[in-house]
1. Do we find a residue being surrounded by fewer than 18 Cβ atoms within 10 Å (Cβ to Cβ), within 15 Å of the ligand (Cβ to nearest atom) and among the small types (Gly, Ala, Ser) anywhere in the range 65-78?
2. From Asn45, Asn53, which residue is surrounded by 20 or more Cβ atoms within 10 Å (Cβ to Cβ) and out of contact with any strand residue (DSSP E or B) (no Cβ under 7 Å at 6 or more places or on another chain)?
3. Name the pairs whose Cβ atoms lie under 9 Å apart, with the first residue in the range 30-56 and farther than 30 Å from Ile137 by Cβ, the second among the charged types (D, E, K, R) and assigned to a loop (DSSP other than H, G, I, E, B), and 6 or more positions between them or separate chains?
4. What's the total number of residues in the range 3-15 that are surrounded by 13 or more Cβ atoms within 10 Å (Cβ to Cβ) and either polar (S, T, N, Q) or modelled with pLDDT under 95 (or both)?
5. In the list Ile134, Ile144, Ile119, which residue meets the criterion of being of a type outside the set (Gly, Ala, Ser), buried (at least 23 other Cβ atoms within 10 Å of the Cβ) and touching a strand residue (DSSP E or B) at 6+ places or on another chain (Cβ under 7 Å)?
6. Evaluate the range 43-53: report whether one residue or more is touching a Lys or Arg at 6+ places or on another chain (Cβ under 6 Å), at pLDDT below 95 and not acidic (Asp, Glu).
7. Quick check, is Leu126 aliphatic (A, V, I, L, M), within 16 Å of the ligand (Cβ to nearest atom) and at pLDDT 95 or above?
8. Looking only at the range 197-245, count how many residues are farther than 17 Å from Leu174 by Cα, of a type outside the set (Phe, Trp, Tyr) and more than 16 Å from the ligand (Cβ to nearest atom).
Amino acid sequence: MNIKPYKVKKSPSKGWGKIFTNSRPVKLRSFKTGTVDIQLRGTLNPTHPNAVNIKNEIIEVPIMVHWVHHEEFGDYLLDTGLDASYSNDELGGITEPLAEKFIQKKDENIGFYVEKNDIKVNMVFLSHLHPDHIAGIRDLPKNIPYIVGKGELEQYKPELYGDFLKSVETFYELEFSELDIISPLGRCADLLGDGSIWAFWTPGHTKGHTSYIINGADEPILLTMDAAFIQENLKYKVAPLDYTWDSSLAQKSLDKIIEFIDQFKIRVICGHELN
Ligand SMILES: [Zn+2]
């Protein structure tokens, strides 16, 4: 596997208000590739004062993929969800010690959606490298660019969770520390250089965790990815603790997102939410 830097054009630091008045011809559609059972206590960090009364119940949440179709540039995926291996095996064929269990019906895998919708994937942007976000790579071409925040590949542990990146030719890393700050989201990347798909750095869940903004003509949409698993993270203003590398950093990233939403009132889709 080759690892190269993902080149982002430096954009003169404009504010989000200005960016949203210059919307681009992009449309978002999301697919559910399976579900996973998680604990509500833990999805909201129970040590946070706002979450002390949260009940300990198991909730079943979807595992999502987002397809961004750009009228001029073509098709992009944000995360890959699950490949077809999970429809008859909840471990997806993974034999490593920390293999995770996911639930999937037939024809819910990313490869099915790509074929059915005739999606010609140009590139795949990955929010982070947890199995429920990358297992679908096994259904996808390996000779297209896969882009991930810097810090993700160093935290990747195929010997424990299984190797989903096998055969990918080239990974491109987004070096957020070199990017422009656009308040209040911090370091932001104009991924295609035309203001259509933005990435911003939301470390905490993992080291290089990335969230996105799709600046489409219908309405701009913020995708938190796993900075907020579900809407309750936003409602209670409490970041996740479970599956999370650094929960205080995760809280800081969530606070930044909440400040942004308060300011710009745009639609928000959480990482494990149907839309
Ligand atoms: Zn995750």
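The values are calculated or read from the model by the stated rules, or taken from the named source; none is laboratory data. Predicted, not measured: the structure shown is a model, and the values here were computed from it. Positions of Cβ are generated from backbone atoms using ideal geometry, with glycine treated the same way; all protein chains shown enter the neighbour counts.
1. First pass over the range 65-78, keeping only residues surrounded by fewer than 18 Cβ atoms within 10 Å (Cβ to Cβ): 69, 71-72, 74-75.
Next cut, within 15 Å of the ligand (Cβ to nearest atom) only: none.
The answer is no, given that none of the residues of the range 65-78 is surrounded by fewer than 18 Cβ atoms within 10 Å (Cβ to Cβ), within 15 Å of the ligand (Cβ to nearest atom) and among the small types (Gly, Ala, Ser).
2. On the way: Asn53 fails: surrounded by 20 or more Cβ atoms within 10 Å (Cβ to Cβ).
Step by step, each of Asn45, Asn53 is checked, and only Asn45 is surrounded by 20 or more Cβ atoms within 10 Å (Cβ to Cβ) and out of contact with any strand residue (DSSP E or B) (no Cβ under 7 Å at 6 or more places or on another chain).
3. Arg41/Lys55; Arg41/Glu57; Arg41/Asp242; His48/Lys237; Asn50/Lys237
4. The initial filter retains those residues of the range 3-15 that are surrounded by 13 or more Cβ atoms within 10 Å (Cβ to Cβ), namely 6, 8, 11, 14.
Of the ones still in play, those that are also either polar (S, T, N, Q) or modelled with pLDDT under 95 (or both) are 8, 11, 14.
Total meeting the criteria: 3.
5. Working: Ile144 fails: buried (at least 23 other Cβ atoms within 10 Å of the Cβ); Ile119 fails: buried (at least 23 other Cβ atoms within 10 Å of the Cβ).
It is Ile134.
6. No, the range 43-53 contains no residue that is touching a Lys or Arg at 6+ places or on another chain (Cβ under 6 Å), at pLDDT below 95 and not acidic (Asp, Glu).
7. Numbers: aliphatic (A, V, I, L, M): yes; within 16 Å of the ligand (Cβ to nearest atom): yes; at pLDDT 95 or above: yes.
Criteria met by Leu126.
8. Here the count works out to 15.
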